[in-house]
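The values are calculated or read from the model by the stated rules, or taken from the named source; none is laboratory data. Keep in mind that what you see is a predicted model, and the values were worked out from it rather than measured. So basically every Cβ, Gly included, is an ideal-geometry build from the backbone, and we count neighbours across all protein chains shown. Accessible surface areas use protein heavy atoms only, side chains included; no ligands, DNA or RNA. Shrake-Rupley method; radii C 1.70, N 1.55, O 1.52, S 1.80 Å.
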There are 2 protein chains.
Amino acid sequence: MTAASPVVDPAGAGEATGDTAPADGLRISGAAARAGVSARTLRYYEELGLLSPSGHTSGGERRYRDADLQRLDRILELREVLGMNLEEIKGFLDSEHRLDEVRDAYRAKRDEPTDEARAQQRVLLEEALSLNEELTRQLDAKLARMDAFRSKVAANAQRCRELLDDL
Amino acid sequence: MTAASPVVDPAGAGEATGDTAPADGLRISGAAARAGVSARTLRYYEELGLLSPSGHTSGGERRYRDADLQRLDRILELREVLGMNLEEIKGFLDSEHRLDEVRDAYRAKRDEPTDEARAQQRVLLEEALSLNEELTRQLDAKLARMDAFRSKVAANAQRCRELLDDL
DNA sequence: CTCATTCTAAACGTTGACGTAAAGGTAATG
DNA sequence: CATTACCTTTACGTCAACGTTTAGAATGAG
């Protein structure tokens, strides 16, 4: 309903591929195993609009290709490393997508430098910039707090070592 | 049941205190407001054995003193900054408490240097050390991944600035 | 003194992020 | 072609970490 998913030829000629996903993509359990999550998780992410496989077979099976797998890895990184919840991740990836659109529009604009177009691009770029700066600030704050914590823990370890040396 | 909570004199002489908790401690809603959580949360933490107020009035009201508030701040930091769940936090704070005990025992031991006592201290110290080192490793890994992410975001921001400068 | 706050304690509700099961279609393999 | 393994959707279950409510009784700040 929401996005066009080209149907993959189920008997397509197999292009030789390395350790990446076969040209026609992985099945849901393969993609899940590769990322270390469950198939249920992938269906759930799709339900939330977070990750939709770029292809389906004629029978209706999901096919995850390289780009999908990369997006999945990004989602998991945001979740595990930054501790974002799925809604925050969606917002972040959406804004990243908008930034890509801005870049594309910027390049298209070079051919036709209208003043009106420039003004629109400026607005979009400023929005993207403020989003990135805000995220950078948040990350810096979190990094600082985590680093302070790390120092405390490391100091504790050092004191343990000194006490042990005394014995 | 689990810990001795000395009863606070309800009509005690008020020692002059600055912006810290009054000498006889804060009520539950005061402590909660100060930390930005609800009273329910504090009761829940107490139920889990995470945080028990150091005092009660003769009538049975909880009184949170400075040490309690500091512990609460630590709990929230572990939760928000490190993303620990309450069980992990309990384990971490418990092991920290054990480290304190080891330190005290170590000092007491200096007066009576039994070989047996030394061996026990060594075991405890090594346990504490390995706990701290493990946590340090985990923090380092997380910090590295977060920092890599920060770099990517900062680079994005920089590209936005360059595009804006071109206009 | 008075009225807002807190107490115990129990129970039920909620939200996010999935797990698990059921009933029936699809894909790959011999 | 048949079998087996995997997939589909739908729906209900679960767990942590609380929120909310109920109800009477006791407390304490102003």
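Given the conditions (1) at the interface with chain B (Cβ under 7 Å from one of its Cβ atoms); (2) buried (at least 16 other Cβ atoms within 10 Å of the Cβ); (3) within 23 Å of A:Gly49 (Cα to Cα), and given that A:Gly83 satisfies all but one, which numbered condition is not satisfied?
So the condition that A:Gly83 fails would be (2).
What tally of residues in segment B:98-117 results from selecting those that are open to solvent by 90 Å² or more (accessible area, probe 1.4 Å) and either β-branched (Val, Ile, Thr) or assigned to a helix (DSSP H, G or I) (or both)?
First pass over segment B:98-117, keeping only residues open to solvent by 90 Å² or more (accessible area, probe 1.4 Å): B:98, B:101, B:104, B:107, B:110-112, B:115-116.
From what is left, the residues that are either β-branched (Val, Ile, Thr) or assigned to a helix (DSSP H, G or I) (or both) are B:98, B:101, B:104, B:107, B:110-111, B:115-116.
Matching residues across segment B:98-117 total 8.
Let me confirm something: among B:Leu125, B:Leu135, which residue is touching a Cys at 6+ places or on another chain (Cβ under 7 Å) and either free of Cβ contacts under 8 Å to residues at least 12 places away in the same chain or open to solvent by less than 60 Å² (accessible area, probe 1.4 Å) (or both)?
On inspection, the qualifying residue turns out to be B:Leu125.
Can you find even one residue in segment B:59-80 that is within 8 Å of DNA strand D (Cβ to nearest atom), out of contact with any helix residue (DSSP H, G or I) (no Cβ under 8 Å at 6 or more places or on another chain) and closer than 30 Å to A:Leu164 by Cβ?
Initial filter on segment B:59-80 (within 8 Å of DNA strand D (Cβ to nearest atom)): B:59-61, B:79.
Filter once more, keeping what is out of contact with any helix residue (DSSP H, G or I) (no Cβ under 8 Å at 6 or more places or on another chain): B:59-60.
From what's left, closer than 30 Å to A:Leu164 by Cβ: none.
No, the conditions are met nowhere in segment B:59-80.
Is one or more of the residues making up segment A:97-112 among the β-branched types (Val, Ile, Thr) and within 9 Å of chain B (Cβ to nearest Cβ)? Quick ask: steps written out before the conclusion?
Filtering segment A:97-112 down to residues among the β-branched types (Val, Ile, Thr) leaves A:102.
Among the residues that remain, those that are also within 9 Å of chain B (Cβ to nearest Cβ) are: A:102.
Yes, segment A:97-112 has at least one match.
Are any residues in segment A:131-167 at pLDDT 90 or above and among the polar types (S, T, N, Q), and if so, which ones?
Result: A:Thr136, A:Ser151, A:Gln158.
Can you go through A:Leu78, A:Leu72 and tell me which one is touching a residue at least 40 places away in the same chain (Cβ under 8 Å) and either exposed (fewer than 14 other Cβ atoms within 10 Å of the Cβ) or more than 7 Å from chain B (Cβ to nearest Cβ) (or both)? Even if it seems obvious, please write down each step before you answer.
Values: A:Leu78 fails: touching a residue at least 40 places away in the same chain (Cβ under 8 Å).
Answer to the selection: A:Leu72.
Within the set of pairs 6 or more residues apart or between chains, which connect a residue that is modelled with pLDDT of 75 or more inside segment B:91-110 to a residue that is open to solvent by 30 Å² or more (accessible area, probe 1.4 Å) with Cβ atoms less than 6 Å apart?
Pairs that qualify, where the first residue is modelled with pLDDT of 75 or more and the partner is open to solvent by 30 Å² or more (accessible area, probe 1.4 Å), are B:Ser95/B:Leu131; B:Val102/B:Leu124.
Considering only residues that are within 14 Å of DNA strand C (Cβ to nearest atom) and surrounded by fewer than 17 Cβ atoms within 10 Å (Cβ to Cβ), look in segment A:59-69 and name the one that is nearest to the other protein chains (Cβ to nearest Cβ).
Once the filter is applied, the top-ranked residue is A:Glu61.
Name the residues in segment A:121-160 that are more than 9 Å from chain B (Cβ to nearest Cβ) and of a type in the set (Asp, Glu), would you?
A:Glu127, A:Glu134
Of everything in segment A:43-58, what is over 19 Å from A:Asp24 (Cα atoms), near DNA strand C (Cβ under 8 Å from one of its atoms) and either open to solvent by less than 70 Å² (accessible area, probe 1.4 Å) or within 14 Å of another protein chain (Cβ to nearest Cβ) (or both)? Give them in sequence order.
Of everything in segment A:43-58, those that are over 19 Å from A:Asp24 (Cα atoms), near DNA strand C (Cβ under 8 Å from one of its atoms) and either open to solvent by less than 70 Å² (accessible area, probe 1.4 Å) or within 14 Å of another protein chain (Cβ to nearest Cβ) (or both) turn out to be A:Tyr45, A:Leu48.
What's the total number of residues in segment A:37-58 that are farther than 21 Å from A:Lys90 by Cβ and within 8 Å of DNA strand D (Cβ to nearest atom)? Write out each step before concluding.
Let us first name the residues in segment A:37-58 that are farther than 21 Å from A:Lys90 by Cβ, namely A:55-58.
From what is left, the residues that are within 8 Å of DNA strand D (Cβ to nearest atom) are A:56.
Counting residues in segment A:37-58 that are farther than 21 Å from A:Lys90 by Cβ and within 8 Å of DNA strand D (Cβ to nearest atom) gives 1.
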